[in-house]
1. With a Förster radius of 25 Å, plug the Cβ-Cβ distance of V21 and T140 into 1/(1 + (r/R0)^6) and report the FRET value to the nearest 0.05.
2. Determine the gain in length on full extension of the stretch H120-Q30; use 0.36 nm per residue of separation and subtract their C-alpha separation, reporting nm with one decimal.
3. Which is the longest part of the chain that has none of the trypsin sites (Lys or Arg not before Pro) sitting in a DSSP loop with at most 16 other Cβ atoms within 10 Å?
4. Using the crude model of +1 on Lys and Arg Cβ and -1 on Asp and Glu Cβ, and no other charge, please compute the dipole size for the range 10-147 relative to its Cα centre, in debye to 20.
5. Tell me, what is the FRET efficiency for L67 and E41 to the nearest 0.05, using R0 = 25 angstrom and their Cβ-Cβ distance as r?
6. Go through the range 57-156 and name the chymotrypsin sites (Phe, Trp or Tyr not before Pro) that are in a DSSP coil and have 16 or fewer other Cβ atoms within 10 Å of their Cβ.
7. What residue among V78, V42, G53 has its Cα farthest toward the positive end of the dipole of the range 10-147, where the charges are +1 on Lys, Arg and -1 on Asp, Glu, each on the Cβ?
8. Can you give the FRET efficiency for R48 and R90, using 1/(1 + (r/R0)^6), R0 = 25 Å, r = Cβ-Cβ distance, to the nearest 0.05?
Amino acid sequence: MAAEERAVAGLLATVPEEHLVSGEEVCRTQGTVAFGSDAWEVFSCLDRADGKGLPVVIYASQSRANLGPTISWTATYVGHVHSRNGAHPRGEVLRPPTTSSAHDGRCESWGVYWEVEDLHSLPPEKCYPISRLSDRRGQTYKAFIPRGPVLLGGLG
């Protein structure tokens, strides 16, 4: 018999470090910042589980510090919106400047945009390994590096 799933306790996300750094200022000035994803099912499930206000723990990918599978950023989940032709419905207002096509010539296109408030990096002594987190079946992650958003059953 399969283990019973726990209630959603939070979200584990992976975001390139440069977008976190530039998104922190957007969050400070706009109140929220939006990151793109094609994992619309995860965010639909999170919203159905009344996920607004839940913690988001973030693995900073492409980090200069190369901390390995470590949580080094955190935020609070606000919700998600569906894209309009791949773009955020409000344009680039809530997007990190490093995601702009003017920044590097690339045009990002996503299915949904998930929004957070209170985005901030953790001081080094507060960072912790992803292995402290657990999925909705109570299993912990061992040396796991996320490739996309994951619903959590426990935050360690």
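1. Details: r = 29 Å, r/R0 = 1.15.
Computed FRET efficiency for V21 and T140 comes out at 0.30.
2. Values: separation 90, 0.36 × 90 = 32.40 nm, distance 1.42 nm.
The H120-Q30 span can extend by a further 31.0 nm.
3. Numbers: sites that count: R6, K52, R64, R90, R106, R137, K142, R147.
With a cap of 16 other Cβ atoms within 10 Å, the longest stretch comes to 7-51.
4. Details: 14 positive and 16 negative charges, 74 e Å.
It comes to approximately 360 debye.
5. On the way: r = 29 Å, r/R0 = 1.15.
Working from the Cβ atoms, E equals 0.30.
6. F144
7. Of the candidates, V42 comes out farthest on the positive side.
8. Numbers: r = 23 Å, r/R0 = 0.93.
About 0.60, to the nearest 0.05.
We did not get these values from a lab; they are worked out from the coordinates using the rules stated. Every value quoted in this text rests on a predicted model; they were computed, and no experiment measured them. Glycine also receives a Cβ, built like all others from the backbone with ideal geometry; neighbour counts cover every protein chain displayed.
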